[in-house]
Each structure stands twice: as structure tokens, then as C-alpha cells.
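Visitor: Quick one: the structure is below, questions incoming.
The values are calculated or read from the model by the stated rules, or taken from the named source; none is laboratory data. A quick note: this is a predicted structure, and the numbers were derived from the prediction, not measured. Positions of Cβ are backbone-derived with ideal geometry, glycine not excepted, and every protein chain shown enters the neighbour counts.
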């Protein structure tokens with residue numbers, strides 16, 4: 001199946017999460033528009049995010065943690081460990097890939113990685129099945 005999913009660089013959070021695969025972004029009701037979106041109705045967790053509000057991050061051009069002088073910091077290591085264990089996704093690996101191969105290459109690979117092989121819908125990083133067709137996914 002041809003890749004149907006396309007992500008923009010605005011959907012890549014400073015910590016390396018692809019907001020386009022987040023359940024808060026994919027839901028219909030009370031939809032989050034991503035960590036970088038300048039909406040007024042952001043959830044409290046996005047407004048108080050220590051990574052998004054980090055002083056070191058504000059000194060980077062890209063506003064991505066991979067550009068920071070202390071990358072990977074304790075905060076990134078902590079969230080990476082949680083996402084690696086619970087969702088089989090490494091945020092540090094995402095950020096290193098962006099740094100080494102560029103954001104455009106990363107976005108193409110994300111489109112391949114997060115497209116349902118059955119129906120082509122966007123897969124949710126937080127679920128082990130497709131929200132559209134219920135295909136069970138193997139994320140090992």
C-alpha cells in the first residue's frame with residue numbers, strides 16, 4: 001500500500017514525539033493541535049510541560065532537544081524510557097535521526113511507520129491497534 005500519511009515538521013514536539021500520532025491529536029472531541037501549535041485552549045499539561053518550557057531549548061534554532069548542548073538531558077531520558085517501554089518508540093532515536101538525516105527524511109519515514117498497512121489511516125502511538133479498522137499491530 002502506498003503511504004497515505006504525511007506529517008509536517010510542526011507536528012514534531014521538542015522532545016521528539018510525533019504529535020500527529022498522539023491520541024489527543026487524533027481524537028475528535030477536545031482535540032489537541034500539537035505541542036508547537038499556538039492555540040489558546042491547550043491542555044494544562046502542554047502549558048506546563050518542562051521540556052517545552054526549557055530555557056536551554058529556547059536557545060536552539062530548531063526548538064528541538066536534539067540541538068541542545070545537554071542532549072539527552074534527564075528529562076528526555078525519563079520520557080524516552082517511558083515511551084520505549086510502554087509504546088515501543090524511542091524519542092531519543094527520533095531526535096538523533098532528525099539531527100543526522102534531517103527533518104524531511106524523518107517525516108517520510110514517520111509516514112511509512114505510522115500508516116496502517118490495512119487501511120492507510122494514521123496509527124496512534126498509544127494504541128496497539130488501528131483506530132480506524134481495528135487491525136492488531138505488532139510493535140516488537
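Visitor: Taking the stated definitions as given, is residue 81 in contact (Cβ under 8 Å) with a residue 24 or more places away in the chain, surrounded by 12 or more Cβ atoms within 10 Å (Cβ to Cβ) and either touching a strand residue (DSSP E or B) at 6+ places or on another chain (Cβ under 7 Å) or under 16 Å from residue 125 (Cβ atoms) (or both)? Show your work before the answer.
Guide: Values: in contact (Cβ under 8 Å) with a residue 24 or more places away in the chain: no; surrounded by 12 or more Cβ atoms within 10 Å (Cβ to Cβ): yes; either touching a strand residue (DSSP E or B) at 6+ places or on another chain (Cβ under 7 Å) or under 16 Å from residue 125 (Cβ atoms) (or both): yes.
No; evaluated as a whole, the condition is false for this residue.
Visitor: Among residues belonging to region 34-59 that are surrounded by 17 or more Cβ atoms within 10 Å (Cβ to Cβ) and in a helix (DSSP H, G or I), point out the one that is modelled with the highest pLDDT.
Guide: Out of the qualifying residues, it is 57.
Visitor: Further question: Would you call residue 79 under 14 Å from residue 13 (Cβ atoms) and modelled with pLDDT under 85?
Guide: It is false that residue 79 is under 14 Å from residue 13 (Cβ atoms) and modelled with pLDDT under 85.
Visitor: For region 82-109, give me the residue count where each residue is farther than 17 Å from residue 10 by Cβ and outside any helix (DSSP H, G or I).
Guide: Result for region 82-109: 3.
Visitor: Can you find a residue in region 110-126 that is over 14 Å from the mean Cα position of the chain (by Cα), surrounded by 15 or more Cβ atoms within 10 Å (Cβ to Cβ) and part of a helix (DSSP H, G or I)?
Guide: No: zero hits.
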